[in-house]
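The values are calculated or read from the model by the stated rules, or taken from the named source; none is laboratory data. Here the structure is a predicted model, which is why all the values come from computation and not from measurement. All Cβ positions, glycine included, derive from the backbone under ideal geometry; neighbour counts span all protein chains shown.
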Amino acid sequence: MKRIKTILVASTLALSLSATAKAADIVDTVAAKPEFSILAKMIKQADLGATLKGKGPFTVFAPTDEAFKKWPEGELALFLNPAKKKHLVRLLKTHVISGAVASSDLAGKTTDAKNVEGTVLKVDGTDGVKIEKSKVTQADIKVDNGVIHVIDVPLLPKAYRGSF
């Protein structure tokens, strides 16, 4: 009888903890991974945290810190300049599409995807997954408000190339 009571108490505690534990959203997931420190800083600086914590669902093509190192020297500093916040917002919105799109949804296909910035991204899923010139290096990180795909090169808004 004592063993049954212990099991019931443990089960009740586990259920109450799982009911109150919040699943990780896009922002929490990015902030928790050291390889996304630049992206996390950008999201905060652009004041997009509340949006990316929202209901969604969203698909985010997330460049790592290593990916940002592939940009020309000085490019990152331009986007992180507080006077260029509108450019940073557009940059981040370039990496987000509405809906949760898994890599299996893209497998074997070429398509266009409209991002929340309003432009169209070329998606090629015929040999892995490529978004424009970026390759997905880790797919399908599921979060409570969508999915994250890690990319090897940041997407750069076409409208801002050379316009700083």
*Candidates Val27, Val101, filtered to the one that is over 18 Å from Val153 (Cβ atoms) and in a helix (DSSP H, G or I)*: Val27
*Here is a list of conditions, (1) exposed (fewer than 15 other Cβ atoms within 10 Å of the Cβ); (2) at pLDDT 95 or above, and Ala107 meets all of them except one; can you say which number that is?*
(2)
*Can you work out which of the residues in region 27-45 that are within 11 Å of the chain's Cα centre (by Cα) and closer than 16 Å to Ile151 by Cα is surrounded by the fewest Cβ atoms within 10 Å (Cβ to Cβ)?*
Ala40
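Would you point out which residue out of Leu78, Leu121 is under 17 Å from the mean Cα position of the chain (by Cα) and either under 24 Å from Ile38 (Cβ atoms) or part of a helix (DSSP H, G or I) (or both)?
Within the list Leu78, Leu121, the selection yields Leu121.
Between Leu78, Leu48, which is closer than 27 Å to Val123 by Cβ, modelled with pLDDT of 50 or more and crowded, with 18+ Cβ neighbours inside 10 Å?
On inspection, the qualifying residue turns out to be Leu48.
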